[in-house]
Amino acid sequence: MKNRALALYTALGLGYAFLYLPIVLLVIYSFNASRLVTVWGGFSIKWYGELLNDEKILDAAWLSLKVAVINATISTFLGTLAAVVLVRFRRFTGRTLFTGMITAPLVMPEIITGLAMLLLFVSMELAFGWPDGRSVTTIVIAHVTFSLSFVTVVVQSRLAQMDISLEEAAMDLGARPVKVFLVITLPIIAPALLAGWLLSFTLSIDDVVISSFVTGPGSTTLPIVIFSKVRLGVSPEINALASIVVAIVSVGILVFGILMQRQEADRLRSERTAADQG
């Protein structure tokens, strides 16, 4: 029994090391004084200073952040509407086609999606004069196209598990459907909405393949800038940038975990209070 437990813990440790040891090494070498990323030249933070003075990277980072926020917000809104339609309206004309269009980006290779979006934008520009070249607008449209599918799946699973009798009871008491959705349904599915928003944000800020098809001069996102720099060799500035991203993601996960624990504790406290009063 002890040997089995030891083997399981060893396998678990090796798995975590395989996943996270490269990230740890990347963070360590971001403080390397040498320009050669594989040769340790002493401790230094000069690459963080050079990174903050690199206008190209800073502009790309700001553009990626702006695109990711806009994409996540629009995708969450449209994905929630699509999920409500699929869960609350079981039968309607074109449901199969609608479902297929929603789920297609989930299984479609990104290179196919990017090429299709590029051909669409080129055709629209020739036919209508819009969009005028590749810009932030085309990036947002392309990102929303594949992000809303993920939001729809997340919200749809939460809506399917929701007790519909709560909505029916509110409508029996005279509440209109819009008020029922805002007061009853929305707070219940709020964790799914947040999860969908964060997922869309992550997918957008991390995308390279689709963005490479729909970006143009003056609208280059951060992943594309990093990819172009890495093709010429990894520089210490890229290590510093990656370390900052890792730190931001780690803090975000920590804060989100604390908020979820507090929400769960409040829910359990409310249930105990209701049980005691009952």
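Do we find that LEU81 is in a helix (DSSP H, G or I) and either open to solvent by less than 70 Å² (accessible area, probe 1.4 Å) or more than 30 Å from LEU182 (Cβ to Cβ) (or both) in this structure? Considered against the rule, which asks whether it is in a helix (DSSP H, G or I) and either open to solvent by less than 70 Å² (accessible area, probe 1.4 Å) or more than 30 Å from LEU182 (Cβ to Cβ) (or both), LEU81 comes out as no.
Out of ASN32, ASN3, I need the residue that is loosely packed, with under 11 Cβ neighbours inside 10 Å and either more than 30 Å from VAL153 (Cα to Cα) or not β-branched (Val, Ile, Thr) (or both). Which one? Break it down stepwise before answering.
Details: ASN32 fails: loosely packed, with under 11 Cβ neighbours inside 10 Å.
Of ASN32, ASN3, the one residue that is loosely packed, with under 11 Cβ neighbours inside 10 Å and either more than 30 Å from VAL153 (Cα to Cα) or not β-branched (Val, Ile, Thr) (or both) is ASN3.
Name every residue in segment 209-242 that is closer than 22 Å to VAL67 by Cα, open to solvent by 50 Å² or more (accessible area, probe 1.4 Å) and part of a loop (DSSP other than H, G, I, E, B), in order of residue number. Scanning segment 209-242 gives PRO217, GLY218, THR220.
Would you be able to tell me the number of residues in segment 45-58 that are open to solvent by 50 Å² or more (accessible area, probe 1.4 Å) and either outside any helix (DSSP H, G or I) or in contact (Cβ under 8 Å) with a residue 12 or more places away in the chain (or both)?
Initial filter on segment 45-58 (open to solvent by 50 Å² or more (accessible area, probe 1.4 Å)): 45-46, 50, 52-53, 55-56, 58.
Add one more test, that the residue is either outside any helix (DSSP H, G or I) or in contact (Cβ under 8 Å) with a residue 12 or more places away in the chain (or both), and what stays is 45-46, 50, 53, 56.
Within segment 45-58, residues that are open to solvent by 50 Å² or more (accessible area, probe 1.4 Å) and either outside any helix (DSSP H, G or I) or in contact (Cβ under 8 Å) with a residue 12 or more places away in the chain (or both) number 5.
Criterion applied to THR76, THR38 was being open to solvent by less than 70 Å² (accessible area, probe 1.4 Å) and polar (S, T, N, Q), and the one residue passing it is THR76. The residue that is most open to solvent (accessible area, probe 1.4 Å), counting only those in segment 245-270 that are closer than 27 Å to GLU50 by Cβ and without any contact (Cβ under 8 Å) to a residue 60 or more places away in the chain, is ILE248. Per this entry, LEU78 is not counted among residues that are touching a helix residue (DSSP H, G or I) at 6+ places or on another chain (Cβ under 9 Å) and either of a type in the set (Ser, Thr, Tyr) or closer than 23 Å to LYS229 by Cα (or both).
For segment 233-250, a residue qualifies if it is more than 11 Å from PHE31 (Cα to Cα) and not hydrophobic (A, V, I, L, M, F, W, C), and the qualifying residues are GLY233, SER235, SER250.
The values are calculated or read from the model by the stated rules, or taken from the named source; none is laboratory data. Please read all numbers here as calculations on a predicted model, not as lab measurements. Cβ atoms come from the backbone with ideal geometry, glycine included; neighbour counts cover every protein chain shown. SASA here: full protein model, heavy atoms, side chains in, ligands and nucleic acids out. Shrake-Rupley method; radii C 1.70, N 1.55, O 1.52, S 1.80 Å.
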